[in-house]
Amino acid sequence: MKSKIILIFLITFSTFAQKKVSLKEGDIIFQSMNCDLCKAINAVTEGFEGKDFSHLGMIHIQNDSIYVIEAAGKNVKLTPLEAFRTYTSDTMYVGRLKRKYRKYIPKAIEFSLSQLGVPYDEAYLYDNGSYYCSELIYDAFLAAYEKPFFELTPMTFKEPNSNEYFQVWIDYYENLKIEIPEGELGCNPGGISTSDKLKIIGIVD
């Protein structure tokens, strides 16, 4: 009987997570992109319900138009939602802060907008004057909450169950002429999607 109840709950929860929702200010959009670096990231991180997320951005609504504040390409930028959709053909998931944390959204948005034009963090190093996607969101809520809101964890660039680096990361950091930052603190879209401060409420309508 108990196993049947658990199965029904899982089916219901999974169906709920597939529900199309209307976006609100401060929602965090998670997506999976198809690239060699993305595959390496997905191999060592795990998102909501085990899904692969390699990019995220935060919703900002201006004059009834929906934008995504993101760190991507060359810098931090404000991207129309329709353009953000074109990054992937996969389903995009919506994370919404739990009610008691939503009062921090305006300050997080304000911080993020103040970072527009800041260079993209190609080195994936925390606090180096540039931003990668999840690092921007981490700092936005750090500024709003005035203490760590999401979590920083040691990063790894090695293949699972191995002491060998992914070749794609070896080539990548050799091109940047810096050491692979193995073990340095960082964050990733998958980790943020599993935070206990938000809920995945559905998919982008």
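The values are calculated or read from the model by the stated rules, or taken from the named source; none is laboratory data. All values derive from a computational prediction rather than experimental measurement. In this analysis, Cβ positions are derived from the backbone assuming ideal geometry, glycine residues included, and neighbour counts consider all displayed protein chains.
None of E135, E182, E151 is under 25 Å from E25 (Cβ atoms), outside any helix (DSSP H, G or I) and touching a residue at least 12 places away in the same chain (Cβ under 8 Å) except E151. Any chance the range 155-177 includes a residue that's over 23 Å from C35 (Cα atoms) and among the hydrophobic types (A, V, I, L, M, F, W, C)? Scanning the range 155-177, I find no residue that is over 23 Å from C35 (Cα atoms) and among the hydrophobic types (A, V, I, L, M, F, W, C), so the answer is no.
Could you say which residue among Y124, Y131, Y138, Y165 is surrounded by fewer than 19 Cβ atoms within 10 Å (Cβ to Cβ) and among the hydroxyl-bearing types (S, T, Y)? So the residue among Y124, Y131, Y138, Y165 that is surrounded by fewer than 19 Cβ atoms within 10 Å (Cβ to Cβ) and among the hydroxyl-bearing types (S, T, Y) is Y165.
Out of the residues in the range 19-64 meeting the condition of being among the aromatic types (F, W, Y) and surrounded by 23 or more Cβ atoms within 10 Å (Cβ to Cβ), tell me which one is nearest to F166 (Cα to Cα). Quick ask: steps written out before the conclusion?
Initially, the range 19-64 is screened for residues among the aromatic types (F, W, Y), giving 30, 48, 53.
Applying the additional criterion that residues be surrounded by 23 or more Cβ atoms within 10 Å (Cβ to Cβ) yields 30, 53.
Values: F30: 24, F53: 18 Å.
In this case the residue turns out to be F53.
If you go through the range 138-159 and keep only what is under 24 Å from I178 (Cβ atoms) and either over 15 Å from the mean Cα position of the chain (by Cα) or β-branched (V, I, T) (or both), you end up with T153, P154, T156, F157, K158, E159.
Quick grid of which residues meet (1) modelled with pLDDT of 95 or more; (2) surrounded by fewer than 16 Cβ atoms within 10 Å (Cβ to Cβ); (3) closer than 15 Å to E122 by Cα; (4) in contact with a helix residue (DSSP H, G or I) (Cβ under 9 Å, 6 or more places away or on another chain):
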| residue | (1), (2), (3), (4) |
| --- | --- |
| P148 | yes, yes, no, yes |
| M155 | yes, no, yes, yes |
| N175 | yes, yes, yes, no |
| E179 | yes, yes, yes, yes |
| G191 | yes, no, no, yes |
| K197 | yes, no, no, yes |
| V204 | no, no, no, yes |
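Restricting to the range 27-62, give me the number of residues that are of a type outside the set (A, V, I, L, M, F, W, C) and in a loop (DSSP other than H, G, I, E, B). Show your work before the answer.
Within the range 27-62, the subset of a type outside the set (A, V, I, L, M, F, W, C) is 27, 31-32, 34, 36, 39, 42, 45-47, 49-52, 54-55, 57, 60, 62.
Now narrow it down to the ones that are in a loop (DSSP other than H, G, I, E, B): 27, 32, 34, 45-47, 51-52, 54.
Qualifying residue count, the range 27-62: 9.
Restricting attention to the range 78-106, the residues being under 23 Å from G186 (Cβ atoms) and without any contact (Cβ under 8 Å) to a residue 40 or more places away in the chain number 1.
Based on what the data block shows, is Y104 more than 23 Å from M33 (Cα to Cα) and not hydrophobic (A, V, I, L, M, F, W, C)? Considered against the rule, which asks whether it is more than 23 Å from M33 (Cα to Cα) and not hydrophobic (A, V, I, L, M, F, W, C), Y104 comes out as yes.
Each row is one residue, and each column tells you yes or no for (1) touching a His at 6+ places or on another chain (Cβ under 6 Å); (2) more than 22 Å from Y172 (Cβ to Cβ); (3) at pLDDT 95 or above; (4) among the aliphatic types (A, V, I, L, M).
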site: G50; (1), (2), (3), (4): no, yes, no, no
site: H55; (1), (2), (3), (4): no, no, yes, no
site: H60; (1), (2), (3), (4): no, yes, yes, no
site: D64; (1), (2), (3), (4): no, yes, no, no
site: Y120; (1), (2), (3), (4): no, no, yes, no
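Can you give me the number of residues within the range 84-124 that are among the polar types (S, T, N, Q) and part of a helix (DSSP H, G or I)? Of the residues in the range 84-124, 2 are among the polar types (S, T, N, Q) and part of a helix (DSSP H, G or I).
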